[in-house]
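Each remark here refers to the structure printed beneath this line.
The values are calculated or read from the model by the stated rules, or taken from the named source; none is laboratory data. No experiment lies behind these values; they were computed from the predicted model shown. Glycine also receives a Cβ, built like all others from the backbone with ideal geometry; neighbour counts cover every protein chain displayed.
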Amino acid sequence: MDHNLLFGILAVQRQMISPDDLIRAASLWAEDESQSLQDVLQQCGMLTGGQALELEGLINDKKSIAATYDLPPSATDKPAEDTDKSIQATLDHTSAEGHLTELTSEPGSLWATPSEVILGDSDGPSEIYQPSSDPQALRFKKIRFHDKGGLGEIHVAVDRELPREVALKEIKPRYANVHSSRERFAQEARITGALEHPGIVPVYGLGQYADGQLYYAMRFIEGETLSKAIARYHRGESAGMNPGEKRLAFRKLLDQFVDVCHVINYSHDRGVIHRDIKPDNIMLGPYGETLVVDWGLAKRIDEEDIDSGSDNEKVRPVRIRNASTTLPGSVVGTPAYMSPEQATGTNEDVGPCSDIYSLGATLYRLLTGLFPFQGETALEQVCQGDFKPPRDVARSVPPALEAICLKAMALDPQDRYLSAGDLADDVQRYLADEPVTVYREPLVQQAARVARHHKVAVSTVSALLITMMIGLTVWSEVEGTRDRTALKLVQEKVAQGEAALDDGQYAKAQGFFREAEGAAEQRVALRSLYMETRNRREKIDAVMTTRQQFKEISNSVDDKIDDLRTDAFGTDFAAARTLGQAIRDLFVSSGWQARLDQTKENATEGIDPADIQQFRETMAEALILLARAEDLGAAADRKDESRRTAVHLLDEAEALSGPHWAICRMRVDIYRALGELELEKREQARLQELSPNAVIDWMLQSIIARQKGDIVTAIEKLKTALQEKPNDYFVHLQLAYLYYQLGFARRDVIPRGIEYSDQAIRLRAQESQPYALKALLLGSLGKIEGEGGALDELLQAQSKDPDDYYVFQVRGLTRLKQAAQIDDSRATSGQLQKKEKFLDQAIAEFKQSFGKRPLRETKVNIGEAHAEKARMIASRGGVDANQQAARERDLAVASYTEALNEFPSYAKALRGLAKVRMEDGELEAALQDLLHAQRIAPEAWQNERWLGTLIERQALRDVALGKREEAIEKFRRSEKHFDRALRIAPGAVDVKFGRGRVRYHLWQQELQAKRTQGNVSELTGSSRGAMNDLQGVANSSSVNALVGLLGSDRIADLFKMLGDLYSVSQQNDEAEICYQRALEYGYDDPRLRLRLGWTRLTDMESVRNQFDALLDQKSLTPRQRAEAFNGRGFARAMLGDDQGAIDDAKSAVALTEKMKNLEAWQVLFSGAGIFALCAEIAEQERFDSALAERRASQAIKLLEKAKQRGLPSTRLIRADRAFVPLLRSKDFQKLLQD
C-alpha cells in the first residue's frame, strides 16, 4: 500500500488531523507529487514534527498497524498485500468497520478542527454532520450510570483502544432528533475539545450511534465540586475549626478560584464564553487539579446563540424554583450566578464581562457560604443588582476581598474587571499580602503590612517611641474623654434598641444596635462592648432574616393556594398535582419544614405565633389538596401507589396542624378503596370524635354535598367557613358559583351570587375570575348587553388576564345565553342567522378555553352548544336541515363521550348525552345514562328532572301505540321523579312545569277512559294537581321572564294546557285568556284559534250555535268561512253528529281552491282532523270498521294535499292527538316518513 496514503489514514485515526484536513492536503499533494504527503501536512501547519515522527514509527511497526486497524492477532502474519487490501477497504468504506468517519467535503461537521471551532466562519452552514453509522461505538464500553443533566446523561465507560476509564456523555433520547439540542450538544463537545488547557476536561472522541443518538468521550474526573468544598469549609467554620486549619482551607479555596479565573481567561483569549460559571461546574481533582466543566451553554463571542430567536423576540417570563438550577431558552445561565445582561435576555450584550460577573458571584459564595440571589424573584434581583455586600452577610470577610467581589459583580459591565486575568491578579495580590487595586486600605493596615515586611526596621524605630511617651500621656487624657462620650452614646443606643425589641419593632432595633456597634468600634477602650453589641446586632440580623424568609414563603404559598383549591376541587387533578408538589418542594427546600419540626424556641423567634399557626394551617391545607389530587387523579395502573402517597401527605398535614375532619374523612375513603378495613374502621371512629373547625373542613363538606347535588347544603357549609375566615377570596368565589348553579332552579337567588362575586372583586380586584363569574350570573338574569351587563364584566375580566381560560369559558356560556334568548318558533330568518352565529361563537370560545386549559367541563359545554345548534337547525324542517342537525348531534355526542372517557363518573356529561339521545329517539340508551348519573349524584335534582322527562316521552310513545295502561304506569313513574326533584329543589320552575305536564297527560288518559261528558265535568285528582302546578308556574314570574327560562314553545304549551283545564271546569273566560296566550306564544295547532273555549268537551251546543250565526254572515272571506265550517264540524263531531261534521269539513275543503297555499294548508289540516275524529267515532261508537277506514283514508288524502299546499313539517301531524287513530294505517306511517 502507498506510504503516503497509509500516513494520512493513520493521522486521521489518531485524531491528529480531521478528514477535511486530509482531503485538502491530498489535493495539494496530487498537484505536486515531488514532495511527500507528510511534507504537505507539516507545511500547512496541520501536523507537528513530533506527530510526524510518531506516525512514521507506527508505519514501521507492523504490530502497531494491526492494532490500529483492530485486526485480529493472526492478521499481522498475513502477507503485506493482504494488509494493503484491508487498508484499502478501510478507505473505501471507512465508517462501517474502522475508526474513521466518511471523508466528505461537507463543512461544519462534528469533526471540525479546533481552529474551525474557534475561528471558523459563523456564516457557514450550521447543519450537524451525520456520520453514516457508528464510527466509535465499539471503542467505548459503558460500565455504569454516573450522572445526568438537562441535555445529556453520563456513564462511566472503558476505552477499549487505550485501556482506561472515561466519561461517556450521551444526548438524551428525547433530544436526539431535536436540531437545536443536537447542535448544542455537539457544540459543547467541539468547544470543550478545542480548548486545550489543564483546567479543561480533554475530549477523546465524538460520534453518534446508528439510531442517531450523539455521544462524546472525555476524561473521567474523580473528585468533588467547588460547591461541596465551599459548603464543607463553612460547615467546619461554624463547627469551630481551629484558626490555623481555617486559614489554610480558606487560602486553598482562593488558590482554586484563581485557577478557575486563569481557565476562563484562556477561553476568552480563544474567543469562547462559558455563560454558566458556578461552583457546581468546577471540579476539584484529588491531586490538586481544578477543572471547569459543563460547556453546554458556551458559545463563540462572534456567533449567534443556538436557541436565540429574532432580535425582536421578547424574553419569556421564567418561574424559578431553585435559583442555583441552570435555565434553558432565551434566558441562559443560573439565576444565582447570572449577570444582569443574561437575566434580561439581551444575549447580544453577553460577553466576557458576563463570565467575570459569574466569577464574582462564585467568589461571593466562597466568602459567605450563601447565594448572592435566591428565591422566586432571583431574576428581578439580578437585574437590579439587589444583593447584600459580603460583609453584611459575614462580618469575617476581609474588606479587600469584598471589594474584589463587588468590582466583579458591578451592575454595569464597564465597571467590572477588564479580564478574568485581572481578577485573578487581584486575588493573588491579597494572597501575597499585597494591596489590591480596588481597595484603599486604612493607614493602620498599611502600617501593619510594613511592619510585617520590614521587622528589623521596625525594631530600630521602636527605640524612638520611648521619647514620645510623655506626649502620649497628654494624648491619652484626651482619648479618655472621647471614650466616655462614646460609651454614653453606645449605652443610649442600646437602651433604645432594647425598647424597640420590646415593642416588636425589629427593623428599628436593628438600626439602633448598628449605631451602637459603629460607635463602639471606633474606640479601642470599648472593644468588649463593641463585641457585645455586635453579637446582639447579629442575633437581630438573624431574626430579621428569619422574618424575611418567613414572609417570602408565606406570601408564596398564599399566592398559590387559591389556584390549588380551584384545581383540586375542580377537575384538573394533573394541574393540582403539579402545583401542590411545587408548594411542598418549596416548603422542604426552604428549610421551613425542618424549622417547624424543631422544638427550640429560637427556631421562629421574632415571628408572631399567630402567623406561624396560620402558616401551618395553610401548608396543611396545601398538603390535603395535594393528597386529594393524588387520590382522584392517578392513572388506573398506579391507583394504589398514588393512594398510599396521599395517605403519607395527609400524615404530613396532620403533623403540621393537628387532626382535622377533612384529613380523617379522606383517609376513610382512601382506606376503603385500598381494602384496608381495619384502618378504615379506626379512621371512622376518629371521624366521629371530630367536628369541622377549619376552612378546609367546610370546603370538603361543601364539595361532598355538591357532588350529591345538594347545592343548598353546599352553600351553608361555605357560609360557615366565612364565619371562620371572612375575607377568604376563594370561598366568596365558590359561593358566587354555587348561587349560579342554584339559579337554574331559583332565579331569585342570583342577586346573592352577584353580591359574593362583588366581594371577591373587592378582595382581589386584579384577578379576572370574579369579573367573569359576575358576568355568568348577570347572563342568568338575561342582563347581557348594555351598561353593567355581562359583556361589560367580561371586558373587565379580559383586561385583567387576556389569556385566562375561564374568561373564554364564560364568554362561551354568555353566547349560549344570547342564543337561548332567540325563540326558534317565533324568530325571523335574520334572527335565526344571528342565533346560529352566537352558537358558532360559543363553540369557538369553548375551544379556545380548552386549548388554554383542557378541562372536561369545557368538553361538556362544547357538547351543549352543538346540541342546541342541532335543535335550532332541526326546527327549520326539510331533508338538508335534518342531515345538518344530525351532524351537529354527532359532534355533541363526541364531545360528551370525550369527557366521559376521561372521567366516566361525570354526571353532567351523562345528562347531556342522555338529552341528545332522547332527541334521536334512543330512549332506552338515554335512560341508562340518566340512571348512571343518578347513582353518581343521588341528590342532584337535574337527574330526577330528566328521568321524569324521559319516562314521560316513553309514556307518550305508548299512547301513540294505543298502549294506554302501560302509558299510565309510566306517567305515574315520571310523576314520582318530578316529585323527588321538587323535594330537592322546591323552587325549580322547569321541574314544576314538567310535573304539571305529566299530570295533564294523566288527566287526558282519564278522559279517554271515561269517554262521556257526564262524569268528567269536575276536575279529577290528576287534573287538580296539573292545575296547581301549571298555574303556579304561570304565577311564579312575569311571562317574559318565564320565556327566558322555559322558552316560548313550553310557555305556549303551558297556556294551552291551562286553557284545557279551565275549559273542562267550565271556566270559559279563563280558558279563553289562556288559549289566546297560547296562540300569542306560537302554539302550532291551527285549530286552536277556532276552539277558544270549547275544545275539550264543554257546551258544544252553544259553540255550534255560535258558528251557525257566524256562517249566516255574508261578509266572510273564503278563509274565514272555511274556518267557521271546520269549527262547526268539530262541534258537531263532539256532539255525536259525525255526518254533519264531515259535511262541514267537505264545505271547508271546497273553499281552499280560492285560497293561497299559506291559508289553504291550514284549512286542509283541520279538515283532516275532523275526518280522523269521525273515523274514531265510527270505530268505537258505531262499530263500523269499514266506515272508519274510509274516513281515515280521506283524512290521509287531505294531509297529503296539505303537504302539497305548504304544510311546513310533519311534526305538526305527530304532535296532534286528533291523528292518533291513523297510526295503525301504513299509508299514514309512510306519510310521516316522507
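The table that follows gives values for the structure above.
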{"quantity": "Some residue of segment 825-833 being buried (at least 17 other Cβ atoms within 10 Å of the Cβ) and not hydrophobic (A, V, I, L, M, F, W, C)", "calculated": "no"}
{"quantity": "Test set (1) modelled with pLDDT of 90 or more; (2) within 21 Å of Lys869 (Cβ to Cβ) - Gly789 fails condition number", "calculated": "(2)"}
{"quantity": "Filter result for Ser642 (touching a helix residue (DSSP H, G or I) at 6+ places or on another chain (Cβ under 8 Å), more than 24 Å from Ala574 (Cα to Cα) and of a type in the set (Ser, Thr, Tyr))", "calculated": "no"}
{"quantity": "Selection from segment 569-595 of residues that are basic (Lys, Arg) and either touching a residue at least 60 places away in the same chain (Cβ under 8 Å) or within 19 Å of Ala634 (Cβ to Cβ) (or both)", "calculated": "Arg577, Arg584"}
{"quantity": "Check on Asp669, among the acidic types (Asp, Glu), crowded, with 19+ Cβ neighbours inside 10 Å and either under 29 Å from the mean Cα position of the chain (by Cα) or at pLDDT below 90 (or both)", "calculated": "no"}
{"quantity": "Test: Gly288 is in a loop (DSSP other than H, G, I, E, B) and surrounded by fewer than 22 Cβ atoms within 10 Å (Cβ to Cβ)", "calculated": "yes"}
{"quantity": "Segment 404-424 residues that are within 11 Å of Gly360 (Cβ to Cβ), paired with ones that are polar (S, T, N, Q) and assigned to a helix (DSSP H, G or I) (beta carbon under 8 Å, 6 or more apart)", "calculated": "Ala420/Asn265"}
{"quantity": "Candidates Lys837, Lys852 - the one that is basic (Lys, Arg) and touching a helix residue (DSSP H, G or I) at 6+ places or on another chain (Cβ under 7 Å)", "calculated": "Lys852"}
{"quantity": "Breaking point among (1) surrounded by fewer than 20 Cβ atoms within 10 Å (Cβ to Cβ); (2) under 30 Å from the mean Cα position of the chain (by Cα); (3) modelled with pLDDT under 90, for Glu153", "calculated": "(3)"}
{"quantity": "Residue identified as at pLDDT below 85, part of a helix (DSSP H, G or I) and hydrophobic (A, V, I, L, M, F, W, C) among Ala495, Ala520, Ala582, Ala499", "calculated": "Ala520"}
{"quantity": "Total residues in segment 348-375, condition farther than 17 Å from Ala420 by Cα, among the polar types (S, T, N, Q) and part of a helix (DSSP H, G or I)", "calculated": "1"}
{"quantity": "Check on Ile822, surrounded by 22 or more Cβ atoms within 10 Å (Cβ to Cβ), among the hydrophobic types (A, V, I, L, M, F, W, C) and within 28 Å of Ala1052 (Cβ to Cβ)", "calculated": "no"}
{"quantity": "Single residue of Thr566, Thr533 found to be buried (at least 17 other Cβ atoms within 10 Å of the Cβ), touching a residue at least 12 places away in the same chain (Cβ under 8 Å) and over 30 Å from Gly633 (Cβ atoms)", "calculated": "Thr533"}
{"quantity": "Conditions (1) in contact with a helix residue (DSSP H, G or I) (Cβ under 6 Å, 6 or more places away or on another chain); (2) in contact (Cβ under 8 Å) with a residue 60 or more places away in the chain; (3) surrounded by fewer than 21 Cβ atoms within 10 Å (Cβ to Cβ); (4) farther than 19 Å from Asp259 by Cα; number of the one not met by Arg395", "calculated": "(1)"}
{"quantity": "Filter result for Gly1032 (at pLDDT 85 or above and more than 30 Å from Lys783 (Cα to Cα))", "calculated": "no"}
{"quantity": "Enumeration of residues in segment 481-497 that are under 20 Å from Gly511 (Cβ atoms) and acidic (Asp, Glu)", "calculated": "Glu492"}
{"quantity": "Residue under evaluation Leu248, criteria (1) of a type in the set (A, V, I, L, M); (2) modelled with pLDDT of 90 or more; (3) touching a Gly at 6+ places or on another chain (Cβ under 8 Å), criterion not met", "calculated": "(3)"}
{"quantity": "Unique residue being more than 30 Å from Glu898 (Cβ to Cβ), at pLDDT 90 or above and of a type in the set (S, T, N, Q) when the list is Gln759, Gln831", "calculated": "Gln759"}
{"quantity": "Residue check for Ala210: at pLDDT 90 or above and either within 25 Å of Arg144 (Cα to Cα) or not assigned by TED's automatic domain parsing to the domain that holds Arg139 (or both)", "calculated": "no"}
{"quantity": "Sole exception among (1) over 28 Å from the mean Cα position of the chain (by Cα); (2) touching a residue at least 24 places away in the same chain (Cβ under 8 Å) for Arg628, by number", "calculated": "(1)"}
{"quantity": "Entirely in segment 635-753, the helices (runs of 4 or more DSSP H) that have 2 or more residues that are basic (Lys, Arg)", "calculated": "639-657, 661-674, 677-689, 711-724"}
{"quantity": "Subset of segment 1105-1155 [hydroxyl-bearing (Ser, Thr, Tyr) and in a helix (DSSP H, G or I)]", "calculated": "Ser1147, Thr1152"}
{"quantity": "Residue count, segment 764-803 (criterion: under 19 Å from Ser849 (Cβ atoms), in contact (Cβ under 8 Å) with a residue 24 or more places away in the chain, under 26 Å from the mean Cα position of the chain (by Cα) and in a loop (DSSP other than H, G, I, E, B))", "calculated": "4"}
{"quantity": "In segment 683-716, the residues that are under 24 Å from Trp941 (Cα atoms) and either surrounded by 22 or more Cβ atoms within 10 Å (Cβ to Cβ) or touching a His at 6+ places or on another chain (Cβ under 8 Å) (or both)", "calculated": "Trp698, Met699, Leu700, Ser702, Arg706, Gly709, Ile711, Ala714, Ile715"}
{"quantity": "Options Thr1012, Thr1020; residue that is at pLDDT below 75 and surrounded by fewer than 17 Cβ atoms within 10 Å (Cβ to Cβ)", "calculated": "Thr1012"}
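The rows are residues; the columns are (1) of a type in the set (S, T, N, Q); (2) crowded, with 19+ Cβ neighbours inside 10 Å; (3) at positive phi; (4) part of a helix (DSSP H, G or I).
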residue	(1), (2), (3), (4)
Arg1182	no, no, no, no
Leu1187	no, no, no, yes
Gln1194	yes, yes, no, yes
Lys1197	no, no, no, yes
Glu1200	no, no, no, yes
Ala1218	no, yes, no, yes
Pro1221	no, yes, no, yes
Lys1230	no, no, no, yes
